[in-house]
1. Could you list the square roots of 5 times each eigenvalue of the Cα gyration tensor of segment 22-104, that is, the equivalent ellipsoid semi-axes, sorted largest first and rounded to whole Å?
2. Give me the net charge for the shell around THR60: Cβ to Cβ below 10 angstrom, other residues only, Lys and Arg +1, Asp and Glu -1.
3. Can you list the HN-Hα couplings for segment 41-57, worked out from phi with the Karplus curve (6.51, -1.76, 1.60; θ = phi - 60°), rounded to whole Hz and with x for Gly and Pro?
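Just so it is clear, none of the values below were taken in a lab; they were calculated from the coordinates. Predicted model only: the values in this text are computed from it and were never measured. Methodologically, a virtual Cβ is constructed for each residue, glycine included, from the backbone with ideal geometry; neighbour enumeration extends over all protein chains shown.
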Amino acid sequence: MNEVQNMEVQNMEVQNMEVQNIKEEVRRHILMEFLPGESPSNLRDDTPLRTSGVLDSMATLQLVTFVEEGFGIEVEAREASVENFDSLNQIAAFIQQKKCVKKG
């Protein structure tokens with residue numbers, strides 16, 4: 001493996017760690033605020049949050065505020081959609097994408 005490939009692999013590993021950290025932070029918040037007493041193992045990365053009723057519109061707004069404040073990004077109203085906020089996978093991907101845009 002050459003130096004460029006090595007750097008690309010390291011960059012991907014860092015991004016994967018960031019995504020996992022984002023998911024864990026959001027998972028803790030959801031469990032504390034919206035699912036107290038629920039086992040963390042029941043909130044998987046692909047668990048539907050909005051389409052299953054875990055998060056209603058008010059809870060989604062609270063989660064958006066947490067995301068904005070916790071990750072230093074701005075979520076526009078149209079971005080607080082089911083496409084971006086229905087699972088931990090989607091939320092983490094959205095946050096990472098917004099952070100990359102902000103850096104660029």
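1. On the way: eigenvalues 83, 35, 27 Å².
Working from the Cα gyration tensor, I get semi-axes of 20, 13, 12 Å.
2. On the way: positive: ARG50; negative: ASP56, ASP86.
Around THR60, the charge tally is -1.
3. 5, 7, 9, 7, 4, 10, 5, x, 9, 8, 6, 9, x, 4, 10, 8, 5
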